[in-house]
Amino acid sequence: MSAVFDALAADYDRAFTATPIGRRMREAVWRRCEARFAPGSQILEMNCGTGEDAVHLARRGMRVWASDIAPSMVALASAKVAREGLTERAVVSQLAWEQLDTLEREGFDGALSNFGGLNCLTQIDAVRRPLAQRLRPGAYALLCVMGPCVPWEWLWYLVHGAPGKAFRRLRHDGADWSGTRIRYPSIRSLTRALAPEFQVRRVAAIGALLPPPYTGPWAERHPRLLAWLDRCERRLEALPPLPWLADHYLLEAERS
């Protein structure tokens, strides 16, 4: 699986991070990180990608231990941390979710998994206990996961004559992507997978009114509409049914 993300690494920031939709989605996650993680906190970040979140958290006074499965992502994230002069606050290492039980560090004040890292796992409940063991009681894990029901996606791909892509997330066993099986757990199933070590306290939409990232060219032609949709989504992000109909949902789970 690491080879898939190695291939994406060089172009990831241009294709997603720096786009109007990508920026808005990431900023929505950052707001919740800042609500849950205090300056000085020790944060565990899994599937850190190119290090954009690690840099943001470190700039706000947190200490981040970030990891990713892909060597190219780790290299880019490490370079970004060094370029920003944050090496004393952020460390980047290569580690897959499935290897979390080998991490010797414990007592983290929070954890972050952004933009679908958990969707790549065959069994999410297999990482529940290793994650819980590395967090102190009362710590929050913020998990940004791709959900199964996305009306924006249904409409987009039906209009473009691709019904298979429109409803791919609804398949029980997930969908193939670049040779990797991606699964789309519902909020209810993820909540069950995290229990009893974690209690879900809040769930928010990340891309329900906002269109999905692959609609970027359309979004760039409609900046005012995009800004308006973003404002509306942020006001309503935790109000049902928006989290259940979003490209990603952000689940905030407290360590028991």
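The values are calculated or read from the model by the stated rules, or taken from the named source; none is laboratory data. Computed from a predicted model, the values in this text were never measured in an experiment. Cβ atoms come from the backbone with ideal geometry, glycine included; neighbour counts cover every protein chain shown.
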Review point. Looking at region 67-82, is at least one residue out of contact with any Ser or Thr (no Cβ under 7 Å at 6 or more places or on another chain), at pLDDT 95 or above and basic (Lys, Arg)?
Key: no
Check your understanding: Residues of region 98-131 being out of contact with any Phe, Trp or Tyr (no Cβ under 9 Å at 6 or more places or on another chain), closer than 20 Å to residue 37 by Cβ and surrounded by fewer than 21 Cβ atoms within 10 Å (Cβ to Cβ), which ones?
Key -> 100, 106, 107
Review point. How about region 71-185: which strands (runs of 3 or more DSSP E) wholly inside it have at least 1 residues that are in contact with a Gly (Cβ under 7 Å, 6 or more places away or on another chain)?
Key: 90-94, 135-146, 180-182
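Every residue, every condition in (1) more than 24 Å from residue 218 (Cα to Cα); (2) assigned to a helix (DSSP H, G or I); (3) touching an Asp or Glu at 6+ places or on another chain (Cβ under 8 Å); (4) hydroxyl-bearing (Ser, Thr, Tyr), yes or no:
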position: 14; (1), (2), (3), (4): no, yes, no, no
position: 21; (1), (2), (3), (4): no, yes, no, no
position: 54; (1), (2), (3), (4): yes, yes, yes, no
position: 61; (1), (2), (3), (4): yes, no, no, no
Point to revise | region 244-256, residues that are buried (at least 18 other Cβ atoms within 10 Å of the Cβ) and either assigned to a loop (DSSP other than H, G, I, E, B) or without any contact (Cβ under 8 Å) to a residue 60 or more places away in the chain (or both) | key: 246, 247
Revision key, fill the gap. Within region 26-47, the residues that are in contact with a helix residue (DSSP H, G or I) (Cβ under 7 Å, 6 or more places away or on another chain) and assigned to a helix (DSSP H, G or I) are 26, 28, 30, 33
Practice item. Show the residue pairs that are 6+ apart or on different chains and have beta-carbon atoms under 7 Å apart, the first residue being within region 214-235 and on the phi < 0 side of the Ramachandran plot and in a helix (DSSP H, G or I), the second being modelled with pLDDT under 90 and among the aliphatic types (A, V, I, L, M). Key: 226/219
Review point. Would you call residue 231 among the basic types (Lys, Arg) and touching a Phe, Trp or Tyr at 6+ places or on another chain (Cβ under 9 Å)?
Key: no
Exercise for review: Could you please find all residues in region 186-205 being in contact (Cβ under 8 Å) with a residue 60 or more places away in the chain, among the small types (Gly, Ala, Ser) and assigned to a strand (DSSP E or B)?
Suggested key: 204
Check your understanding: Since residue 209 meets every condition but one in (1) part of a loop (DSSP other than H, G, I, E, B); (2) without any contact (Cβ under 8 Å) to a residue 40 or more places away in the chain; (3) of a type outside the set (Lys, Arg); (4) in contact with a Gly (Cβ under 9 Å, 6 or more places away or on another chain), which condition does it not meet?
Key -> (4)
